[in-house]
Amino acid sequence: MIFHLKNVLDQTGIATILDTLNDAPWSAGRESAGRQAYAVKNNEQLPHDSQAMIAIRKQVLAGLDVHPQFFSATLPRRVFPPRVNRYSGETNSFGAHVDNAIRFAPDTGLRVRTDISCTLFLAPPESYDGGELIICEGQFERHVKLAAGDAIIYPGTSVHRVAPVTRGQRLACFFWIESMVREDDRRQLLFELDQTIMSLRDTNGEDSHAVSLTGTYHNLLRMWSNT
Ligand code: NI
């Protein structure tokens, strides 16, 4: 499932992050790449343990925590500590690749199976040219460039790339989610059911149909989840 999460961060939160990034240290993105990605990865990242990264990570995780659809759409079991990258100048692209299946968090040793990939856009789209996240879906490609503060979640299994940035700088936060429900199709079905139940409840209140379908949702989640 590919899904657009709107307003994970508001404009005040984005302004704080952009301010933090003004004098942040950057290092070569290749440092954390697997062997295949190493060959095509040409960007910069904030060191995972830098003060700027720690502050931004806290802000992003707090935004996800209160987002109305993040939990329902991802059913998170583990979230890899978010990182921030920059595409600009000579280090401006990331060729086609699939993310490593398992990521190890540097300090804690936390292992995360990358069921879901997430990119949270930090720079206003009009401030840079190029930089689209391009996700392959069979014979089609989806080009994604979102407002600052919005995020996209997409299957960790997909081939994707970032188009070269030809003006300005693309700043984004990226991370992975291991879901309690590993299978993408089951997760999507649960998400659609949950969203439909919520709109049914908004329209009709807590009637017997809403109660019954809520039971079905939780019983499916019980059957399919791994906590
Ligand atoms: Ni990737």
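The values are calculated or read from the model by the stated rules, or taken from the named source; none is laboratory data. Source: prediction; values computed, not measured. Calculation scope for accessible area: heavy atoms of the full protein, side chains included, ligands and nucleic acids excluded. Shrake-Rupley method; radii C 1.70, N 1.55, O 1.52, S 1.80 Å.
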>> Over all directions, how big on average is the projection of the convex hull of the alpha-carbon atoms in the range 184-224, in square nanometres?
In response: 2.5
>> Which of ASP194, ASP115, ASP49 ends up with the largest GNM mean-square fluctuation for the chain, with Cα atoms connected below 10 Å?
In response: ASP49
> How much length is gained on full extension from LEU213 to GLU137, taking 0.36 nm per residue of separation minus their Cα-Cα distance?
Replying inline: 24.2 nm
> Taking Cα centroids, how far is the range 15-35 from the range 154-216 in Å?
Replying inline: 27
>> How much of the pair distance distribution for the chain lies past 32 Å, counting alpha-carbon pairs only, in percent?
In response: 20
> For the chain, modelled as a Gaussian network with Cα springs under 10 Å, which listed residue fluctuates most, ASN43, ASN85, ASN22?
Replying inline: ASN22
>> Please report the carbon-and-sulfur percent of the accessible area for the chain; probe 1.4 Å, protein heavy atoms only, DNA, RNA and ligands left out.
In response: 52
> Residues of the chain: accessible area per residue at 1.4 Å, in Å²?
Replying inline: 50
> Given springs between every Cα pair under 10 Å in a Gaussian network model of the chain, which of PRO25, PRO47, PRO82 has the largest fluctuation?
Replying inline: PRO25
> What length, rounded to one decimal in nm, is gained on full extension from GLN195 through to THR108, with 0.36 nm per residue of separation minus their alpha-carbon distance?
Replying inline: 27.9 nm
> Under 19 Å Cα-Cα from LYS41, which aspartates and glutamates qualify once same-chain neighbours fewer than 8 residues away are excluded?
Replying inline: GLU31, GLU90, ASP99, ASP129, GLU132
